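Below is one structure, written out as structure tokens, with a few remarks after it.
Computed from the coordinates by the stated procedures, all read-outs in this text should not be read as laboratory data. Because the structure is a prediction, the values reported are computed rather than measured. Heads up, the Cβs are rebuilt from the backbone with ideal geometry, glycines too, and the neighbour counts pull from every protein chain shown.
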């Protein structure tokens, strides 16, 4: 590996760890680490005729984390606000 690649990997890992620490230990103290985003889900069911049938579910609030990366099993809020519709293939 080249030195530039190692430096880039080290920088990325430091950003990830810093992001995790800021969420886990609530840095800054005034920021809430978790948020909610209303997500609409629907099932896309393939039929034998080759067509697709859609079944829409009621919108639900999904917990997200205010960070750059997903942490603690939650997706980042910036991603969910840009992708509020989830398609579930069946």
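Extension gain, residue 3 to residue 48, is 10.7 nm, computed as 0.36 nm per intervening residue step minus the present C-alpha separation. Using a cutoff of 8 angstrom between alpha carbon atoms and counting only pairs six or more residues apart, the relative contact order for the chain works out to 29 percent. Taking every DSSP beta bridge that has both ends in the chain, the antiparallel portion is near 65%. Between residue 83 and residue 29, the FRET efficiency estimated from the beta carbon spacing at R0 = 30 angstrom works out to 0.50. Stretching residue 68 away from residue 14 to a fully extended chain increases their span by 18.2 nm, per 0.36 nm per residue minus the current alpha-carbon distance. Which angle from 0 to 90°, rounded to the nearest 10, does the C-alpha axis of helix 3-24 make with the longest principal axis of the chain? Its long axis makes an angle of about 70 degrees.
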